[in-house]
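Here's the structure we're looking at; comments come further down.
The values are calculated or read from the model by the stated rules, or taken from the named source; none is laboratory data. From a predicted model like this one, the values you see are computed outputs, not experimental measurements. Cβ: placed from backbone, ideal geometry, glycine included. Neighbour counts: every protein chain shown.
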Amino acid sequence: MPKFLPFVLLLFGTTAVWAQLGGRDTYQFLNLVSSPKQAALGGKVLTDYSYDPTAALFNPATINAEMDNQLSLNYVNYLADVNYGTASYAYLYDRRTQVIHMGVTYINYGKFDGYDENGEATGDFSGGEVALSLGYAYNIPYSDFYVGANAKFISSKLDEYTSLGVAADLGFIYVNEELQLNIGAVVRNIGTQITTYDAIREDLPLEVDVGFSQRIPRVPIRWHLTFENLQLWNIAFQNSARTIEDLEGNETQENINFIDNLSRHTIIGAELFPEGGFNIRLGYNFRRGEELRIVNQRSFAGLSAGFSIKFNKLRLSYSYARYNSAASSGFFGLNLDLQ
């Protein structure tokens, strides 16, 4: 375990250097939930060291021999007619454990009504983005530590504006089979734009995450704990809708403290029968639950749940994520064993 500590310190050390969160960067689709399993467990899982090649889209260190000839296809019916999906495949190319991973992530924003500065209609326009990735993981000799990397080529088109970019993910995972404990960490989207939309260079949505998971001894449950967006500690904000006004007209702003910030970095989840042909998943994303919570209304924001079922060489997955009383998403997944 001591070998893990310097890596964690390095990740936390990036907090003072990188301070970017949603809405400030381009290619935001790179950090969307990539599979029903991720969605059901709260939105991010770094420690899924299994047959599922989709896991490597988020943490390349999870690439392993069990993924050989596994094809995963996922589709998300997102918000406001936006839809996106992923495809991933892994191939064992020699008699040892050399596995190469390939993935595609795309998003289609649909059609929009266009208007000029005078309010005159200019016709419909659309937008979409895609990222192609190639990944590889390496087992540090005589240890349970694995490191991995994804190289990504990104293409984006919004109306007549286009942009190209490149990025890399660097991942780490510790797999203790005796304790059935996994510890993972990843730095995502280290990269730059090759060509810009309109002469203004934008940053990529860099993200630093750390995750833990463990199978409970003699109980068919695996718990998951993830700390997200560690590149920026203060991600909470005061919501003006939660300002309290007393009878004398004095206003009290929402108080954001250390616990509020800590909770917004936290995601929890659990799997029932994690290695079985049928399993059930449940998760809660604290940041989503807090930011999308409606005052004096029970909306169950932040909750997510799902299941998967296996039929011979085919596994079907579905998850449901709740955002608020007016918005939710369904996640569909298909895993094929091509051997």
Complete set of residues in segment 167-190 that are farther than 20 Å from residue 33 by Cα and surrounded by fewer than 21 Cβ atoms within 10 Å (Cβ to Cβ):
175, 176, 177, 178, 179, 180, 181
Condition set assigned to a loop (DSSP other than H, G, I, E, B) and either closer than 21 Å to residue 323 by Cα or among the β-branched types (Val, Ile, Thr) (or both), scope segment 73-114, selection farthest from the chain's Cα centre (by Cα): answer is 97
Quick one: in segment 199-217, of everything that is among the small types (Gly, Ala, Ser) and in contact with a Leu (Cβ under 8 Å, 6 or more places away or on another chain), which residue is farthest from residue 234 (Cα to Cα)?
213
Take the residues in segment 176-215 that are of a type in the set (A, V, I, L, M, F, W, C) and farther than 24 Å from residue 265 by Cα; name whichever of them is farthest from the chain's Cα centre (by Cα).
199
Within segment 129-142, identify whether any single residue is hydrophobic (A, V, I, L, M, F, W, C) and loosely packed, with under 13 Cβ neighbours inside 10 Å, and answer yes or no.
yes
Do we find a residue being surrounded by 22 or more Cβ atoms within 10 Å (Cβ to Cβ), more than 20 Å from the chain's Cα centre (by Cα), among the polar types (S, T, N, Q) and at pLDDT 95 or above anywhere in segment 64-72?
yes
Scanning segment 323-339 for residues that are of a type in the set (A, V, I, L, M) and part of a loop (DSSP other than H, G, I, E, B), the one modelled with the lowest pLDDT turns out to be 326
Please go through segment 180-203 and pick out each residue that is modelled with pLDDT of 95 or more and hydrophobic (A, V, I, L, M, F, W, C).
181, 183, 185, 186, 187, 190, 194
